Every structure is written in structure tokens, then in C-alpha cells.
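Some notes on the structure that comes next.
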Amino acid sequence: MAAQAELDLLRSFCADLRSLWVEAGGPSLRALERHLSLSKSQVGAILNGRIRRPPDWQVVSTLVECINRHAAEHGRAERLSLRTGVEEHWRPRHGLLEHAFGNAAVRGPEERVAQASPVVPAMLPPAVAGFAGRRELLAVLDDLLASRAELGPAVLITAVGGTAGVGKTALAVHWAHRVADDFPDGQLYVNLRGFDPGGAALGPSEALRGFLNALGVAAERTPDDLTGQIGLYRSLMAGRRMLIVLDNARDVDQVRPLLPGGVGSMVVVTSRNRLTPLVVTEGARSVSLDLLSGEEARELLERRLGRPLADDGSVEEIIARCARLPLALAVVAARAATDPNLPLSRLAAELRDRAGALDTLQGGDAATDVRAVFSWSYRSLSLEAARLFRLLGLHPSADFGAAVAISLAGDPPSVTRAALGELTRAHLVAERSPGRYEFHDLLRAYAAEQAAAGDEQGSAVHRMLDHYVHTAHQAGVLMDPHRYVGDSPDEPESGVAPEELGEAEAALDWFGKEYRTLLAAIDQAAESGFALHAWQLARAMTNYQYRRGHWHELIASHRVALTSAEQAGDLLGQAHAWRGIANALWSLGRLDESRVGMEAALELFGQVDDHDGMGVMQENLAWAAWHVGDPTDALVHARQSLALHRGTGRLAGQARALGTIGWVLVQLGDPVEAIRQCEQALEPQLRLGDTFGLANTWEILGLAHAGARDHGEAARCHRRALELFRATGHLAGQAGALDNIGDALQATGDVAAAQAAWSEAIAIFEEFADSEAARVRAKLDQRALVSGAVRQ
């Protein structure tokens, strides 16, 4: 009987709702559906009493609000309310009912309650002084605002993400002030303190209390429980057009309770973390905030200082040292503005010291101390992510791949990848391309400070250098498997996972991406006492540098390796370093210096009894001897090279020595014997698949045929060499082959084709060898003079 009585009361309550609906003019079920998380049939079931339990009071409150809004839109001035009855039966159990209708009391059967005009909150912080740049992102936000009409009943949510100090709050607040007039019902703002230095993030309940108070709800009428607060908040927000800025959120759990129901409002969320679940479940639009451009950074400084800035180099250096981070630039501007006697040049000098840069960037409190701001993000990380962040501070460059991060940490790959994902979501690193990450110099400096406070530096650097040495060695061998590099590096440390490159093209691509990092790693190895890693890494890079014509950097890196090997007393390391230096000096035309280096390398290889190393240097000395005008001595060196390689059984070395003998014979005026020597070299090189050796042999064969006056065959040989040099990516070889093709074609009388080949050679030489480009250009100029004389 009691159950039947409750059911009768429920039906009476539904009838009361229906009467209210009819009295308001009957808004359509479709219109009501858009505002409720129910279907048309479910709304109809409530209004027609076809339910067996009370509906959720949030649904009831929203339904009443929608009915009232419809009534107001159709000329009803007074506010409708439910009559007494069923609601009083459930009021002790469902306290939300009272709040569902604002502050109105539930009156007798015929009474209606008129409500005061709703409060229009204006909670935005003051407009940002000196805001600069971000025009593209402001336009993106404007476009999102304009798209509200297309979203139907959804609330438009925009998640603005970015690293610490990048200006997320400044962007959100600046834009909010710009569009405030588009939200006539007001603006709500809360700092959720997601990365507060004390770790006390603002809870959703506390944030809702602030919002309800701003909306005119007295503290004593605010529900105690979170569910009640959410229901009341969404009831009051129903039908309003408001802008809500949820600043500095840590995660979606802080955000979701603060999202309004209904339509017309817009929410802007800022966070250092990627709030991907908001995008997935709430349809949020994600906007990523990057560092300022150079022009925007300069604009920020000028606006903060209130004057144009001179072009003396100090401004550009400050911008670079501040990593174009808005917070850092603002601190520098504040220091300069408050101390007229502090020139920008002195600030630039203070920032030059990477370790001391963070000391310079202190604005006087925790919110403007760059180091402190970074620490708020760092403290929120898991143990694994925090450890990886520290260790990444030991990496020699801001750009790194996931593979080296795995070796640096020494953890299972899955653990490191998860930590990288966390760092990315926290905007402490940025994934610029799949598996490729970077973080700006100030964050690197902060990470290095944290690493210095621990005891993992030596082992982590060892693992990282092992990673680069072993991967670079593999890449160098893939590019030219038959070039002599000596013994492979020792087994890497436990936890190191060198990359598997697989083929020559992948090796070339890897060197291209890692080149600057590898140069820095050589310096770091030498400075950290890892002499073996320094010269082995320099040795592994030689082939890439040689093919790309990076002669000056090759010399610099090998001199670092040489010094490190000398300090360690490592004769083999010294030998390889001298070999690299000598080859680069040769390519730069510094022949006397080059020969000194070759002789030093030959002696050192002899001291460690490395006969193949000696054979390589004898071959190099053959070329050097001819260039100083001693072809007989050159032939002696070439034959000694052949003998040394035959003694060790190294077939690729023997074939390359035969080619060198052929080249010397060409210079000695015996092209027929030169051709015979080169043809002996081709067979083992073809069998071995020695592409680079074949390219050199075909090039020498071309010179031999030219010496025998068979210029057509010479051109064919040089073209074959060009194909092979292109296959290996050897730029210097390509340019030399094109130069020789031009000579052979000119000798056949095909002047136009010769000039085209020379022009192509010049274009390549200009990338790395100005003297060679000038030499070939002189041929073109001479040919033009001859052609002009003939025309006259």
C-alpha cells in the first residue's frame, strides 16, 4: 500500500510538471531534448507520468529552467514554479529540489514566484599588460567562437596547452577580455592551481563554491556535497551565455565538474598537461602554445620596456638565451625596466652562462622565478618521468630521439616510452615528429641542475655515449662496409639499446638527423673523461663527414679526439684521429699539413701493429707523393699498401690499392698498364659489392682511357662512377666525376654537354669546396672566351 501511495504521488508530481509545461506554452520535446541528457521519449515519459521512480533532480531542475525560459521568450513576465505536493515527500531525501528552483520557496497551488534578475559575474583577472604576438592563435580562438552555432547543444570547450612559462594564462585572459561582450551573462574565472608550488591543487568543490557565490547563491544555501554543487551550478547556468576560464588545470578530474550544461557558454581550459580525455569525451578543441617567434619576442620586450630597442646584438642574444620563453623575457624586461643603470648587454652576458641563466631569470617571487615555475611541473611527475627528465639534462643537445632516451635511462623500453609520454603531456618536452623530441635550453638547464644533485651522471653519460658510438659505428659500416675502420667497439653497458638501421639509406638519414648532436657528444665525451668514446665516435662519423664535405668540422672533431686520446695514452685512438685530420686537410688543399698527418698516423698504426691501418695510410701517402711531384715515390707507397693488405688477406684493401697503382701509372704516362691494374681491381670489388671502391676504380679507368685518347670510353667510365657516387651519397665524388665528364666531352667536341657537366659540378663544389668550384668555373670562363673569339 505504501508503495502504491508513493507511485500515486510520483504521478501527481509528473502531472504538476506537465501542467507547468502546458502553462508555459508547451516547448517541443525536441527543444527540451537538446537541453537534457535524455531522449524525446524519456522526456515524454516524465511529462506523461509513465515512470516508476523519481527522475534525477538535476533533470527536474533543468526541465523547469527550460520551461521558464520558453515562457519568458513568449511574453510571460512571471516565473513559474511547481506546486506543493510530491516534492515535499522526497525533500528530506533529495535536498537538491529546493536548489533546483533557485531561491524561490515552493508555494501553494495557485501561487507563482517572481525571481530577481540573475547576477552577471565578471571574474576575469586584469587584462595582461604588454601582451604581444600570438596573432595566429588569437585568430584560431576567434574562429572557434564563431563556430558555436554549428555545435548544437554542446558546450564549446577549448584546451590551451603548453610548457611552463609559455604564456597560456596570458593568452586565455587576453582573449577573454577581447570577446567579453559576446557573453552578456558574464565571465567566470578560477585558478585551479594544478601546479602550485605547495602541491595544493584547488579541488572541484572549492572551485564550485566560488562560482556559485559569484552567481548569487549564498554560502548557507550551497550544497555540502559535490553532486549537489554540480547540480545547482548547472541549473543556474542553464540557458546562459557565459565564458568560463579554468586556468592552470592539472587533469580532467579538476575540469569536468566545472563544465556547465546547456548551450551558449564557452569554456577555456589552460594546462601544462595535455588534457586528451577532454578532447575524446567532451569534444574539446585542442590549441597548443609554442615558444614565441623571434619577432614576437622582440615585440614583447619593446612593449614591456616601453621603448624601441637598438640593434646592437644584445636583444637577439637575450631572446636566444631566454629560449623565446615569454616568462623569461618578461623577467628580463622587468629587471631592465626597474634598473635604468642595467644595460641589456650586461643582462645578455649574465645569460650566456647556461648554469647561471636561471639565476638571472628571477622576478622577485615564486610566480616570476623561472626555476621555481619549472619546479612546479617537475614535482608533479611520476618517479620514472622525473628521473628521465633529470637524465635528459645530461644530453648534449636539445633535440633527441626516443632510442637514446631509452639508453640514457637504462630502463626497459616500455618504461621509458611511458615516461616520455608523461613528459610530453606535461609539456616538458615536445614531440616534434614521431619518436623525435626536444626541449628548450632553459628547461635543459633546469634538468641539468636536477641531474647534478643526484649520483647517476657518470653511468647515464656512459650509456648515452655507448648508444651513439655503437649506432654510429653501425651506420658508418652500412654506408661503406669495405672502408677500413678497425675493430668494432666493445660491448655496450647493460641497458644500452643501439638503434637497428638496417640499410645504407637509413644510416645516411640517421647521420643527417643526429649530426649536430654527435659533434656535441664528442666534446662531451672528451670533457667527461671518456677518451675511448671520443675517438671512436669521431672515427665512426668520418665517412659521413667526408661524403658531405664537412672538412672543417671533421678536423675540429678529430682534434678533440686526438687530444683526448693523447691524454689517455691511447695510441690506436691517436692513429685514427690523425688519419681523419690528414684526409680532411687533403680535401681542403692543405697538402703539406696533410702529409705530416698521414706520416703520424702511419707511425702510430705501426706502433700498435695494425697492418691494415698502415696499408690505408700507405695508399694515402701515394696520392700525397704524386701531388708534391714525386710519382716514383707514389708508386712505391701504393705497392707497399697492396703488400700490407695481401699480408692480412683484406681483399677490399687490395682492390683499392690496385686502383691507386693504376692512378699513379696514369700520371706516369702508362695508361695501358693502368687499365690492366684497374680491371684486376674490378673483379673483387664486384664480388664484394664494394660500391665506393668500384666508383673510385671506374673514375681512375676513365682517366686511364682519356690518357689513351679514348675520350668516348673515358666519358662512359666517368658516368658509371657518377652513378655509383650518387648511390653512396658521396658529394665530392659526384662533383669530381662531373668535372671529368666535362673534360672528356669537351675532348669529343660536345661542348654544350661539357659545359652542362661542369655547371653541375660547380653547383656541388660550392656547397663545401670553394677552391674546386673556382677551378672548374675557370674552365667554363675559358671556354666562353674561346667561343667568343671564334664568333668574332
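Of the residues contained in the range 200-222, one or more are found to be modelled with pLDDT under 85, of a type in the set (Gly, Ala, Ser) and under 30 Å from residue 323 (Cα atoms). Name the single residue, out of those in the range 559-608 being touching a residue at least 60 places away in the same chain (Cβ under 8 Å) and assigned to a helix (DSSP H, G or I), that is farthest from the chain's Cα centre (by Cα). This residue is 572.
Counting only residues that are in a helix (DSSP H, G or I), more than 23 Å from residue 653 (Cβ to Cβ) and of a type outside the set (Gly, Ala, Ser), the range 669-726 holds 11 of them.
The condition of being more than 26 Å from the chain's Cα centre (by Cα) and either within 29 Å of residue 402 (Cβ to Cβ) or among the small types (Gly, Ala, Ser) (or both) holds for only one of 535, 551, that being 535. A single member of 494, 488, 407 is of a type in the set (S, T, N, Q), out of contact with any strand residue (DSSP E or B) (no Cβ under 6 Å at 6 or more places or on another chain) and assigned to a helix (DSSP H, G or I), and it is 407. Determine which member of the set 760, 772 is charged (D, E, K, R), touching a residue at least 12 places away in the same chain (Cβ under 8 Å) and either on the phi > 0 side of the Ramachandran plot or surrounded by fewer than 21 Cβ atoms within 10 Å (Cβ to Cβ) (or both). Selected residue: 760, the only one of 760, 772 that is charged (D, E, K, R), touching a residue at least 12 places away in the same chain (Cβ under 8 Å) and either on the phi > 0 side of the Ramachandran plot or surrounded by fewer than 21 Cβ atoms within 10 Å (Cβ to Cβ) (or both). Of all residues in the range 626-639, those satisfying the criterion of being in contact (Cβ under 8 Å) with a residue 24 or more places away in the chain and buried (at least 19 other Cβ atoms within 10 Å of the Cβ) are 626, 634, 635, 638. In the range 274-286, the residue that is surrounded by the fewest Cβ atoms within 10 Å (Cβ to Cβ) out of those that are more than 28 Å from residue 181 (Cβ to Cβ) and within 21 Å of the chain's Cα centre (by Cα) is 276. Of the set (1) crowded, with 16+ Cβ neighbours inside 10 Å; (2) within 29 Å of the chain's Cα centre (by Cα), all apply to residue 509 but (1).
Yes or no, residue by residue, for (1) touching a residue at least 12 places away in the same chain (Cβ under 8 Å); (2) within 20 Å of residue 140 (Cα to Cα); (3) over 28 Å from the mean Cα position of the chain (by Cα):
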site	(1), (2), (3)
207	yes, no, yes
219	no, no, yes
228	yes, no, yes
252	yes, no, no
258	yes, no, yes
272	yes, yes, no
294	yes, no, no
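Filtering the range 609-640 to residues that are in a helix (DSSP H, G or I), among the β-branched types (Val, Ile, Thr) and more than 44 Å from the chain's Cα centre (by Cα) leaves 632, 636. Go through the range 645-702 and give me each residue that's of a type in the set (Gly, Ala, Ser) and either over 23 Å from residue 476 (Cβ atoms) or free of Cβ contacts under 8 Å to residues at least 60 places away in the same chain (or both). 647, 649, 655, 657, 659, 662, 669, 674, 681, 695, 702 - these are the residues of the range 645-702 that are of a type in the set (Gly, Ala, Ser) and either over 23 Å from residue 476 (Cβ atoms) or free of Cβ contacts under 8 Å to residues at least 60 places away in the same chain (or both).
Only one of the numbered conditions (1) in contact with a helix residue (DSSP H, G or I) (Cβ under 6 Å, 6 or more places away or on another chain); (2) free of Cβ contacts under 8 Å to residues at least 60 places away in the same chain; (3) farther than 30 Å from residue 656 by Cα is violated by residue 478, and that is (3).
Anything in the range 679-733 that is of a type in the set (Gly, Ala, Ser) and under 23 Å from residue 505 (Cα atoms)? List them, or say none. Scanning the range 679-733 gives 689, 693, 695, 721, 727, 729, 732, 733.
The values are calculated or read from the model by the stated rules, or taken from the named source; none is laboratory data. These numbers were taken from a predicted model, which means no experiment stands behind them. Ideal geometry is used to build each Cβ from the backbone, glycine not excepted, and the neighbour counts take in all protein chains shown.
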